[in-house]
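Written out below as C-alpha cells is the structure these notes cover.
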Amino acid sequence: MSRIGKKPIPLPKGVEAKIDGKVVEVKGPKGTRSFTFRDAVTVTMEDGEIVVKPVDLTKEARQQWGMTRTMIENLVIGVSEGFKKELEINGVGYRAQMQGNVLKMALGYSHDVDFEVPAGVTVTTPKQTEIVVEGIDQQLVGQVAANIREWRAPEPYKGKGIKYKDEYIFRKEGKKK
C-alpha cells in the first residue's frame with residue numbers, strides 16, 4: 001500500500017480542479033496546468049479533495065499510484081503558490097543581471113554568458129550575486145536552475161561558481177609543502 005497515494009489532495013481557496021477522462025486540469029491564481037494519468041489509477045473528486053486510487057494491486061498500478069498523486073499535488077502547489085529556486089554566485093568578478101529576456105553572467109570566461117530564459121519561467125536578480133528562478137512548473141524551474149548552475153558549477157577548493165542557496169559545498173584542502 002502506498003503511504004503517499006492514500007492521502008487525499010486538498011484544494012486551497014481559489015484553486016479549481018476538473019477531471020475529464022484521463023486528464024486532470026487545475027486552475028489557480030498563478031495559471032492553469034494539466035496532467036494526463038495512466039490507466040492503472042483512477043482519479044476522483046470527493047468533498048473538495050482529489051483522491052487517487054489504484055485500479056488493482058499490480059506492480060504498475062502501485063508504482064503509478066504514488067507518482068500520480070505527487071504529480072497532481074505539484075500542479076495544485078504550482079498554480080496556488082508557485083515554485084522557486086535561489087542560486088548564489090561566489091567568486092571575484094562573478095556577477096549576473098537580467099536584460100530583457102536574457103540573463104547576462106560574467107563567470108570568469110573571456111566573454112559574458114548569455115542565457116535565454118524559456119517561456120513559463122521568471123528569472124530575477126535581486127543582487128548581482130543572486131539569481132531567483134520562479135514558475136508554476138516544478139520540473140521546468142528545476143531544469144532552468146540546473147542549466148544556469150551548469151555554466152560554472154562550484155569547485156571544491158575555494159567554492160567559486162554558481163550554487164543553490166541551501167547547497168553545502170564540501171571543501172578540500174589545497175596542496176601542502
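Just so it is clear, none of the values below were taken in a lab; they were calculated from the coordinates. Just so it is clear, the model here is predicted, and its values are computed rather than measured. Note: ideal-geometry Cβ built from the backbone for every residue, glycine included; neighbour counts use all protein chains shown.
Could you tell me whether the range 68-177 comes out rounded, prolate or oblate from its Cα gyration tensor? Rule is a ≥ b ≥ c as square roots of the eigenvalues, rounded for a/c under 1.5, then prolate if a/b exceeds b/c, otherwise oblate. Working shown, then result.
Details: a/c = 2.86, a/b = 1.56, b/c = 1.84.
Because a/c hits 1.5 or more and a/b fails to exceed b/c, the range 68-177 counts as oblate.
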### Task
Starting at the first residue of the range 50-64, write each ³J(HN,Hα) from the Karplus equation 6.51 cos²θ - 1.76 cosθ + 1.60 with θ = phi - 60°, in whole Hz, x for Gly and Pro.
9, 10, 10, 9, x, 5, 9, 9, 6, 4, 5, 5, 5, 5, 6
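Given a cut-off of 24 Å, name the pairs among Lys84/Lys158; Lys127/Lys165; Lys84/Lys104 whose C-alpha atoms lie farther apart than that in the structure shown.
In this structure, Lys84/Lys158 lie more than 24 Å apart at Cα.
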### Message
Could you tell me the relative contact order of the chain? Use alpha-carbon pairs under 8 Å, at least six residues apart, and round to a whole percent.
### Response
17
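Report the GluC sites (Glu not before Pro) located in the range 67-138 that are in a DSSP loop and have at most 14 other Cβ atoms inside 10 Å of their Cβ, or state none.
Details: sites: Glu73, Glu81, Glu86, Glu88, Glu116, Glu130, Glu134; in loops: Glu81.
Hits after loop and neighbour filter: Glu81.
Cross-chain or 8 or more residues apart, Cα under 14 Å: how many lysine pairs in the range 3-80 fit that? Count them up, please. Could you put the intermediate results ahead of the total?
Values: Lys6/Lys53; Lys7/Lys53; Lys13/Lys27; Lys13/Lys30; Lys18/Lys27; Lys22/Lys53.
Lysine pairs meeting both conditions in the range 3-80 amount to 6.
Could you give the length gained by full extension between Gln143 and Gln97, i.e. 0.36 nm per residue of separation minus their alpha carbon distance, to one decimal place?
Details: separation 46, 0.36 × 46 = 16.56 nm, distance 1.94 nm.
Gain on extension, Gln143 to Gln97, equals 14.6 nm.
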## Note on the structure
Computed, not fitted: 222 nm per-residue ellipticity of the chain from DSSP H runs ≥ 4 (each -39500 (n - 2.57)), nearest 500, equal to -7000 deg cm²/dmol
